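Inspection log for the structure reproduced underneath, given as structure tokens.
The values are calculated or read from the model by the stated rules, or taken from the named source; none is laboratory data. A quick note: this is a predicted structure, and the numbers were derived from the prediction, not measured. Glycine also receives a Cβ, built like all others from the backbone with ideal geometry; neighbour counts cover every protein chain displayed.
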Amino acid sequence: MCELLDDVDAAFAVTGAHTPGWPNPYQDGPEPDEEAYERSTNPEKFLIVVARVRAWTKVLRWIATIPSTSRLPPATRQ
């Protein structure tokens, strides 16, 4: 499972390369109230979710093309 997550992280480095970053507005302050979750002042920041889904899709499609006989059991991977 860790190898799968590593592969997704590597794919995300490509698929998410152009997604905008943003600072955490609550990092040093109080936690947001419930109403804050209903507002979106910057909808472009959600493009990162799309990029993450694309990374997962890319990796899972790649895994689906590998014959099961050539896959090593997790215990034998190095």
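Where the second residue is surrounded by 10 or more Cβ atoms within 10 Å (Cβ to Cβ) and modelled with pLDDT of 85 or more and the first is among the polar types (S, T, N, Q) and lies in region 5-31, which pairs have Cβ atoms under 7 Å and are six or more apart or on separate chains? Once the first residue is among the polar types (S, T, N, Q) and sits in region 5-31, its partners that are surrounded by 10 or more Cβ atoms within 10 Å (Cβ to Cβ) and modelled with pLDDT of 85 or more give THR15/ALA51; THR15/ARG54; THR15/ALA55; THR15/LYS58; THR19/LEU47; THR19/ILE48; THR19/ALA51. Note on region 35-78: residues that are more than 24 Å from the chain's Cα centre (by Cα) and modelled with pLDDT of 80 or more total 1. Close Cβ contacts (under 6 Å, 6 or more residues apart or on different chains) running from residues in region 38-59 that are closer than 13 Å to PRO20 by Cβ to residues that are exposed (fewer than 12 other Cβ atoms within 10 Å of the Cβ) and among the aromatic types (Phe, Trp, Tyr) comprise LYS45/TRP22.
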